[in-house]
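Notes for the one structure printed next.
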Amino acid sequence: KAGVTQTPRYLIKTRGQQVTLSCSPISGHRSVSWYQQTPGQGLQFLFEYFSETQRNKGNFPGRFSGRQFSNSRSEMNVSTLELGDSALYLCASSLDIVGGPYNEQFFGPGTRLTVL
Amino acid sequence: AQSVTQLGSHVSVSEGALVLLRCNYSSSVPPYLFWYVQYPNQGLQLLLKYTSAATLVKGINGFEAEFKKSETSFHLTKPSAHMSDAAEYFCAVSGRDSSYKLIFGSGTRLLVRP
(Lines give C-alpha, C1' and ligand atoms only; values in the text may rest on other atoms or scores of the structure.)
Protein backbone atom coordinates (compact mmCIF):
# COMPACT_ATOMS: atom_id res chain seq x y z
CA LYS A 1 0.00 0.00 0.00
CA ALA A 2 1.42 3.39 -0.92
CA GLY A 3 2.14 5.78 1.92
CA VAL A 4 1.14 9.39 2.30
CA THR A 5 2.45 11.45 -0.57
CA GLN A 6 3.03 15.16 -0.59
CA THR A 7 3.75 17.40 -3.53
CA PRO A 8 5.84 19.27 -4.21
CA ARG A 9 8.69 18.19 -1.94
CA TYR A 10 10.48 21.52 -2.17
CA LEU A 11 9.18 24.97 -2.94
CA ILE A 12 10.72 28.43 -3.03
CA LYS A 13 8.49 31.48 -2.97
CA THR A 14 8.90 35.17 -2.30
CA ARG A 15 7.14 37.28 0.29
CA GLY A 16 3.61 38.24 -0.62
CA GLN A 17 3.03 35.28 -2.92
CA GLN A 18 0.64 32.47 -2.19
CA VAL A 19 1.28 28.74 -2.24
CA THR A 20 -0.74 25.54 -2.44
CA LEU A 21 0.52 22.25 -1.05
CA SER A 22 -1.02 18.90 -1.82
CA CYS A 23 -1.42 15.73 0.19
CA SER A 24 -2.67 12.32 -0.91
CA PRO A 25 -3.53 10.10 2.05
CA ILE A 26 -3.14 6.36 2.27
CA SER A 27 -5.90 4.65 0.33
CA GLY A 28 -8.99 4.29 2.51
CA HIS A 29 -7.93 6.89 5.05
CA ARG A 30 -10.48 9.63 5.59
CA SER A 31 -8.80 11.87 8.13
CA VAL A 32 -6.06 14.23 6.98
CA SER A 33 -4.14 16.56 9.28
CA TRP A 34 -1.55 19.22 8.56
CA TYR A 35 1.37 20.28 10.74
CA GLN A 36 4.00 22.98 10.47
CA GLN A 37 7.52 22.22 11.65
CA THR A 38 10.03 24.99 12.30
CA PRO A 39 13.25 25.06 14.35
CA GLY A 40 11.85 27.76 16.61
CA GLN A 41 8.27 26.61 17.20
CA GLY A 42 8.65 22.88 16.63
CA LEU A 43 5.70 20.84 15.38
CA GLN A 44 2.42 22.71 15.44
CA PHE A 45 -1.02 21.51 14.42
CA LEU A 46 -2.61 23.47 11.58
CA PHE A 47 -5.93 21.75 10.88
CA GLU A 48 -7.64 18.43 10.40
CA TYR A 49 -10.15 17.36 7.79
CA PHE A 50 -12.55 14.45 7.81
CA SER A 51 -15.04 13.70 5.05
CA GLU A 52 -14.42 17.11 3.42
CA THR A 53 -15.15 18.97 6.67
CA GLN A 54 -12.66 20.79 8.86
CA ARG A 55 -12.93 19.02 12.20
CA ASN A 56 -10.29 20.90 14.14
CA LYS A 57 -8.14 23.96 13.69
CA GLY A 58 -4.92 25.12 15.29
CA ASN A 59 -3.90 28.62 16.28
CA PHE A 60 -2.77 30.01 12.94
CA PRO A 61 -3.83 33.18 11.13
CA GLY A 62 -6.50 33.12 8.47
CA ARG A 63 -3.81 33.20 5.77
CA PHE A 64 -3.57 29.48 6.33
CA SER A 65 -6.46 27.52 4.88
CA GLY A 66 -7.18 24.05 3.67
CA ARG A 67 -9.70 21.81 2.10
CA GLN A 68 -10.38 18.17 1.48
CA PHE A 69 -11.83 16.62 -1.61
CA SER A 70 -14.26 13.73 -1.92
CA ASN A 71 -11.38 11.31 -2.58
CA SER A 72 -9.82 12.43 0.75
CA ARG A 73 -6.95 14.25 -0.95
CA SER A 74 -6.22 17.52 0.78
CA GLU A 75 -4.66 20.82 -0.06
CA MET A 76 -3.48 23.62 2.12
CA ASN A 77 -3.02 27.19 0.99
CA VAL A 78 -0.98 29.98 2.46
CA SER A 79 -1.66 33.45 1.15
CA THR A 80 0.49 36.56 1.45
CA LEU A 81 3.57 34.59 2.42
CA GLU A 82 5.83 35.89 5.15
CA LEU A 83 9.44 34.97 5.90
CA GLY A 84 8.27 33.19 9.03
CA ASP A 85 6.20 30.79 6.96
CA SER A 86 9.38 29.01 5.89
CA ALA A 87 8.95 25.55 7.31
CA LEU A 88 8.47 21.87 6.68
CA TYR A 89 4.76 21.22 6.20
CA LEU A 90 3.75 17.71 7.12
CA CYS A 91 0.57 15.93 6.23
CA ALA A 92 -0.74 12.91 8.11
CA SER A 93 -3.61 10.56 7.39
CA SER A 94 -5.58 8.17 9.53
CA LEU A 95 -8.19 5.49 9.00
CA ASP A 96 -10.63 6.89 11.58
CA ILE A 97 -13.47 4.39 11.74
CA VAL A 98 -16.38 6.06 13.51
CA GLY A 99 -16.86 4.40 16.88
CA GLY A 100 -13.77 2.30 16.39
CA PRO A 101 -10.47 2.32 18.27
CA TYR A 102 -7.95 5.07 17.86
CA ASN A 103 -5.99 4.73 14.65
CA GLU A 104 -2.53 6.14 14.44
CA GLN A 105 -1.57 8.84 12.00
CA PHE A 106 0.82 8.13 9.18
CA PHE A 107 2.97 11.03 8.07
CA GLY A 108 4.16 11.99 4.64
CA PRO A 109 7.71 13.17 3.90
CA GLY A 110 6.67 16.81 3.99
CA THR A 111 6.97 19.83 1.74
CA ARG A 112 9.89 22.12 2.48
CA LEU A 113 8.75 25.70 1.85
CA THR A 114 11.32 28.47 1.71
CA VAL A 115 10.10 32.06 1.60
CA LEU A 116 12.62 34.62 0.37
CA ALA B 1 -5.18 22.16 28.03
CA GLN B 2 -2.89 19.34 27.03
CA SER B 3 0.86 19.76 26.81
CA VAL B 4 4.00 17.68 26.51
CA THR B 5 7.44 18.35 27.95
CA GLN B 6 10.53 16.57 26.73
CA LEU B 7 13.51 16.95 29.03
CA GLY B 8 16.78 17.36 27.18
CA SER B 9 16.98 18.72 23.65
CA HIS B 10 20.03 16.53 23.05
CA VAL B 11 20.92 13.15 24.50
CA SER B 12 24.22 11.43 23.72
CA VAL B 13 24.88 7.75 24.40
CA SER B 14 27.50 5.24 23.41
CA GLU B 15 26.62 2.43 21.07
CA GLY B 16 25.30 -0.46 23.15
CA ALA B 17 24.28 1.76 26.07
CA LEU B 18 20.79 2.26 27.44
CA VAL B 19 18.67 4.90 25.75
CA LEU B 20 16.31 6.91 27.96
CA LEU B 21 14.31 9.79 26.50
CA ARG B 22 12.02 11.58 28.91
CA CYS B 23 8.49 12.77 28.30
CA ASN B 24 5.98 14.24 30.75
CA TYR B 25 2.46 15.17 29.79
CA SER B 26 -0.23 17.39 31.18
CA SER B 27 -3.82 16.39 30.69
CA SER B 28 -6.98 16.47 32.75
CA VAL B 29 -7.92 12.98 31.61
CA PRO B 30 -5.71 10.06 30.58
CA PRO B 31 -4.73 10.88 27.03
CA TYR B 32 -3.40 8.91 24.14
CA LEU B 33 0.40 9.12 24.05
CA PHE B 34 2.84 8.53 21.23
CA TRP B 35 6.50 8.48 20.37
CA TYR B 36 7.55 9.38 16.85
CA VAL B 37 11.01 9.33 15.25
CA GLN B 38 12.20 11.63 12.51
CA TYR B 39 15.26 10.98 10.40
CA PRO B 40 16.86 13.83 8.44
CA ASN B 41 14.74 15.09 5.55
CA GLN B 42 11.96 12.66 6.32
CA GLY B 43 8.53 12.70 7.89
CA LEU B 44 7.59 11.22 11.23
CA GLN B 45 7.43 7.50 11.87
CA LEU B 46 5.39 6.09 14.74
CA LEU B 47 7.49 4.12 17.22
CA LEU B 48 4.75 3.21 19.66
CA LYS B 49 1.47 4.37 21.14
CA TYR B 50 -0.41 4.16 24.43
CA THR B 51 -4.19 4.00 24.18
CA SER B 52 -5.06 2.69 27.68
CA ALA B 53 -4.37 -0.96 27.19
CA ALA B 54 -1.14 -2.25 28.79
CA THR B 55 0.90 0.44 30.52
CA LEU B 56 4.14 -1.01 29.15
CA VAL B 57 4.09 -0.50 25.42
CA LYS B 58 6.47 -2.17 23.04
CA GLY B 59 7.26 -0.55 19.73
CA ILE B 60 9.37 -1.02 16.69
CA ASN B 61 13.17 -1.24 16.59
CA GLY B 62 13.39 -2.49 20.17
CA PHE B 63 11.93 0.62 21.80
CA GLU B 64 9.42 0.55 24.61
CA ALA B 65 7.72 3.06 26.88
CA GLU B 66 5.89 2.86 30.17
CA PHE B 67 2.83 4.95 30.99
CA LYS B 68 2.98 6.11 34.61
CA LYS B 69 -0.15 8.01 35.56
CA SER B 70 1.15 8.94 39.03
CA GLU B 71 4.19 10.59 37.47
CA THR B 72 2.39 11.80 34.31
CA SER B 73 5.29 10.33 32.37
CA PHE B 74 5.78 8.28 29.24
CA HIS B 75 9.53 7.79 28.96
CA LEU B 76 11.03 6.00 25.97
CA THR B 77 13.73 3.38 26.48
CA LYS B 78 15.86 0.98 24.51
CA PRO B 79 18.27 -1.42 26.24
CA SER B 80 21.07 -1.12 23.71
CA ALA B 81 21.60 1.82 21.36
CA HIS B 82 22.54 1.27 17.74
CA MET B 83 24.13 3.78 15.42
CA SER B 84 20.99 3.71 13.29
CA ASP B 85 18.96 5.05 16.25
CA ALA B 86 20.50 8.49 15.80
CA ALA B 87 17.54 10.71 14.96
CA GLU B 88 15.12 13.16 16.52
CA TYR B 89 12.42 11.78 18.76
CA PHE B 90 9.09 13.42 19.51
CA CYS B 91 6.61 12.64 22.23
CA ALA B 92 3.02 13.58 21.44
CA VAL B 93 -0.35 13.61 23.16
CA SER B 94 -3.86 13.44 21.77
CA GLY B 95 -7.22 13.80 23.42
CA ARG B 96 -9.88 11.13 23.54
CA ASP B 97 -12.34 13.10 21.46
CA SER B 98 -12.98 12.42 17.82
CA SER B 99 -10.16 14.70 16.68
CA TYR B 100 -6.77 13.44 15.66
CA LYS B 101 -4.98 16.61 16.73
CA LEU B 102 -1.52 15.80 18.07
CA ILE B 103 0.33 18.08 20.44
CA PHE B 104 4.06 17.49 20.21
CA GLY B 105 6.92 18.02 22.57
CA SER B 106 9.92 20.03 21.45
CA GLY B 107 11.86 16.93 20.48
CA THR B 108 15.05 15.24 21.64
CA ARG B 109 17.93 14.66 19.29
CA LEU B 110 19.63 11.36 20.04
CA LEU B 111 23.32 11.11 19.24
CA VAL B 112 24.95 7.68 19.29
CA ARG B 113 28.74 7.57 19.73
CA PRO B 114 30.68 4.64 18.30
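The values are calculated or read from the model by the stated rules, or taken from the named source; none is laboratory data. Nothing here was measured: the structure is a model prediction, and the numbers come from that model. Glycine gets a Cβ as well: all are built from the backbone with ideal geometry, and neighbour counts include every protein chain shown. Each accessible area value is taken on the protein alone, full model and side chains, heavy atoms only, with ligands, DNA and RNA left out. Shrake-Rupley method; radii C 1.70, N 1.55, O 1.52, S 1.80 Å.
Can you give me the Rg/Rh ratio for chain A, using Cα atoms for both radii and the Kirkwood formula for Rh?
So for chain A, dividing Rg by the Kirkwood Rh gives 0.97.
Rg and Dmax of region A:41-106, Cα atoms, in Å?
In order Rg, Dmax, the Cα atoms of region A:41-106 give 13.2, 42 Å.
Which of B:Pro31, B:Pro79, B:Pro40 moves the most in a Gaussian network model of chain B with Cα springs under 10 Å?
Judging by the Gaussian network model, the answer is B:Pro40.
Can you give the longest stretch of chain B with no exposed loop site, where a site means trypsin sites (Lys or Arg not before Pro) in a DSSP loop (not H, G, I, E or B) with at most 15 other C-beta atoms within 10 Å?
Of all site-free stretches, the longest is B:1-68.
When chain B is treated as a GNM, springs tying every alpha-carbon pair under 10 Å, which of B:Gly59, B:Gly43, B:Gly16 comes out with the largest mean-square fluctuation?
It is B:Gly43.
Decide, for region A:3-70, between rounded, prolate and oblate: order the square roots of the alpha carbon gyration tensor eigenvalues as a ≥ b ≥ c, take rounded if a/c falls under 1.5, and otherwise choose prolate if a/b is larger than b/c, else oblate. Show your work: numbers first, answer last.
Numbers: a/c = 1.61, a/b = 1.35, b/c = 1.19.
Prolate, since a/c reaches 1.5 and a/b exceeds b/c.
Counting only GluC sites (Glu not before Pro) that sit in a DSSP loop (anything but H, G, I, E, B) with at most 13 other Cβ atoms within 10 Å, what is the longest stretch of chain A containing none of them?
Here the longest run is A:1-51.
Using a 1.4 Å probe on protein heavy atoms, which residues of region A:37-70 have at least 30 Å² less accessible area in the complex than alone?
Correct list: A:Gln37, A:Leu43, A:Phe45, A:Arg55, A:Asn56.
Inverting the mean 1/r over all pairs of different Cα atoms, compute the Kirkwood radius of chain B and quote it in Å.
Values: mean 1/r = 0.0708 Å⁻¹.
In chain B this quantity evaluates to 14.1 Å.
Placing one identical point scatterer on every Cα of the protein assembly as shown and ignoring solvent, what is log10 I(q)/I(0) from the Debye formula at q = 0.09, 0.11 Å⁻¹?
-0.37, -0.56
With every protein chain kept in place and ligands, DNA and RNA left out, what is the accessible area per residue of the protein assembly as shown? Probe 1.4 Å, answer in Å². Don't skip to the answer; put the middle values down first.
Working: 10730 Å² over 230 residues.
Per-residue accessible area for the protein assembly as shown comes out at 47 Å².
If I model a spin label as a point 7 Å beyond the Cα along the Cα-Cβ vector, how far apart are those points for A:Ser51 and A:Arg63 in nm?
3.4
At 1.4 Å probe size, with the rest of the protein present, what percent of the exposed accessible area of region B:1-75 is carbon and sulfur atoms?
Its accessible area is 51 percent carbon and sulfur atoms.
How many square angstrom of accessible surface are buried between B and A, both sides summed, with a 1.4 Å probe and rounding to 100?
1800
Taking all protein chains in place and a 1.4 Å probe, what share, in percent, of the accessible surface of region A:1-105 do carbon and sulfur account for?
The value for region A:1-105 is 49 percent carbon and sulfur by accessible area.
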